[in-house]
1. What is the set of long-range amide H partners of Arg8 at a cut-off below 5 Å, with H atoms built 1.01 Å from backbone N?
2. Give the percent of DSSP beta bridges with both residues in the chain that are antiparallel, rounded to the nearest 5.
3. Identify, among Met108, Ser354, Phe471, the residue whose Cα sits farthest towards the positive end of the charge dipole of the chain, taking +1 on the Cβ of Lys and Arg and -1 on the Cβ of Asp and Glu, with the dipole about the Cα centre.
4. Highest first, please rank the peptides 481-492, 499-510, 319-330 by the mean number of other Cβ atoms sitting within 10 Å of their residues.
5. Given the rule -39500 (n - 2.57) for each run of at least 4 DSSP H residues, summed and divided by the residues of the chain, what is its mean residue ellipticity at 222 nm, to the nearest 500 deg cm²/dmol?
6. Hey, if you put +1 on the Cβ of every Lys and Arg and -1 on every Asp and Glu Cβ in the stretch 294-469, which of Ile408, Leu370, Ser343 ends up farthest toward the positive end of that dipole?
7. In Å³ and rounded to a whole number, note down the convex hull volume per residue for the Cα atoms of the stretch 294-469.
8. Taking the Cα centre as origin and putting +1 on Lys and Arg beta-carbons and -1 on Asp and Glu beta-carbons, what dipole magnitude results for the stretch 589-666, to the nearest 20 debye?
Amino acid sequence: MLNLSGFRILIDCPLDLLALTIFSPLPCDVGIEAYGQNDQNPIEKKQKLERQMTPDDLVSAEPWYKTIKTLHLWEASLIDIVLISNPMGLLGLPFLTQNPRFCAKIYMTEATAKIGQLMMEDLVSMHMEFRRLHGPEDSSFPWWTKNLDGEEVPSVLKNIVFGENGNDLGSWMRLYSLDDVKSCMKKVQDVKFSEEVCYNGTLIIKALSSGLDIGDCNWLINGPNGSLSYVSDSIFVSHHSKNFDFHGLKGTDVMIYSGFSCLQSAEITDSDCISTISENNDERLAASLLDNEESLGELEKLAFVCSCAAESADAGGSTLITITRVGIVLQLLELLSNSIESSSLKVPIFVISSVAEELLAYANTIPEWLCEQRQEKLISGEPSFDHLKFIKDKKIHLFPAVHSPNLITSWQEPCMVFAPHWSLRLGPSVQLLQRWRGDPKSLLVLEDGISSGLGLLPFRPIAMKILQCSFLSGIRLQKFPTLLSLLKPKILLVPDVVNQRINLSTVKTKSILSYSENKMLSVGRIAENADVEIMAELATKLSWKKLRQRENFGIARLKGDFVMENGKQRLVSGLDQEGSSGKTRSLRHWGTVAPETLLDALMKMSVIGSIEHRRGENGAEGKSIIYITNPSGGMIETSEMGTAIITDDETVASKIFQAIDGILDGI
């Protein structure tokens, strides 16, 4: 949550899908009563603590969903802006928008809005299927939490449910409905890459491609107090989405880096790397970031997945692929289909999801969100992704659910199945794992991040081969210093856990600050003076006066209106300007009046007087008094507090004012 120029900005509102792993995908017959039993003797409790977790330890209930910590404590009406960086960051937003006090403006890219909405609709569909199969629960409170607070409950489950400090219980919510999803999306203003949108005339907001997946973005915010960039997990070169647009993030006043994927790597970056790259120019730095080594490595991983699936099919086993990232799924579909077509294998590919047909059709209608190679394919008359051809040739089959009548008639094994994972607790992945878990010839392809321990617990013992894939999901630590040397932010904010892994002491920036979860961090203003634009019509009416105490510095008095427009402060012409002739007297003066200098100026105007200096207490500087004796009486008293002029003669008063005006700068 950011507080920028007086506006509160929430960046992303995801769900903790890994928290779903505490639930059993196949509720036991034991039910609530079994969880309520507390008559175990101490010996039985000790034995339960010492043994390994079993499927019976999981919560046998309708799943609840864990949102951002303290989301339920936020005052929705105080949030002004919500920025969504990727579809996963959208999954928790309906919990916020269904609050009647929520009135914030929501921004995300068009592709993120479409893909995110389809993901939410699929999640609701899979959840409703769970309710139909196992029965709904109408409780407004997660009754199962009271049974997870005992000593015999595994600490893994307790940490997920309650959090390390026991503060996460309020984060659990019942899933929203399709109506909630539709209502949420009506509040969204979608944007294109590099399109500028203005909020309240004050902030200019721009989405820039992060390269991670289709529509994923980083954010650039410009306001009257400076510029801020928000950089999340990004990929420099992508084979499906637009590349990381880091050039648009150069030279911001504040850069917030929120990429955590680098923590999955064991690499360590030290200051030697930074000192080497600092000597290079921007072109060389950019070239080093855009090398093809990482992207080629990703293609090799995809090819390896395809080869493992082909080996399983050769042996008579089926493959279940449970991956969430749309770009990875599209590339795997393409590679697997081409691989099967060029081989002797006759293995069908099934994509089972309630939104599969709409999502795959949409992927070939959005060239502006894809990489240059995909755009060129469309220009040359080919589809951006090859799955359309294979769907028409009946080599890829799309079905909304495993119980679809057409799927039952078309089913053939061995086969390859793509299905959303939802942490292996909802949807077709559950039924297919139940079917194939005892087959050592079959293969399960898991996305990195799903715990193979807790995630696969309900399906053990499992004989399937398991391939857990770690696809590139962000900026590697070794490239992060190079990126910083190119972007040159004045102030850098990084997560404390990232700062502990990398030495940034020699990065040329004003300051580097670490931030941590649930702690407020204040960042001082970068620019001491804000820029103000003056309309040309107004500037031509100004009568500039050269100051005596500041060389080459002019000042003018004006009447106009101060407005905030498109993130810039502007002075526009209001009433007619005064002083166009330059002869109007000054209304404001500043500086210090030296009594001797003032008396000399008065004497040149035939005003005679004398000076008396009075000391303050303890020898401190006191005040000076000029007594006017001719042409009439008067007194001028000067001190640190100000200057007082006392006289009954208007002519003398006028001459004193002229003398002061000739000494001090004024307007």
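No lab work stands behind these numbers, since they all come straight from the coordinates. Since we're looking at a predicted model, the values are computed, not measured. Glycine also receives a Cβ, built like all others from the backbone with ideal geometry; neighbour counts cover every protein chain displayed.
1. Counting only residues 5 or more places away or on other chains, the set is Asp80, Ile81.
2. Percentage antiparallel, nearest 5: 50.
3. Met108
4. Highest mean packing first, the order is 319-330, 481-492, 499-510.
5. Only helices count here, giving -8500 deg cm²/dmol.
6. Ranked along the dipole, the leading option is Ile408.
7. Details: hull volume 21.0 nm³, N = 176.
With only Cα atoms used, the stretch 294-469 gives 119 Å³ per residue.
8. 140 debye
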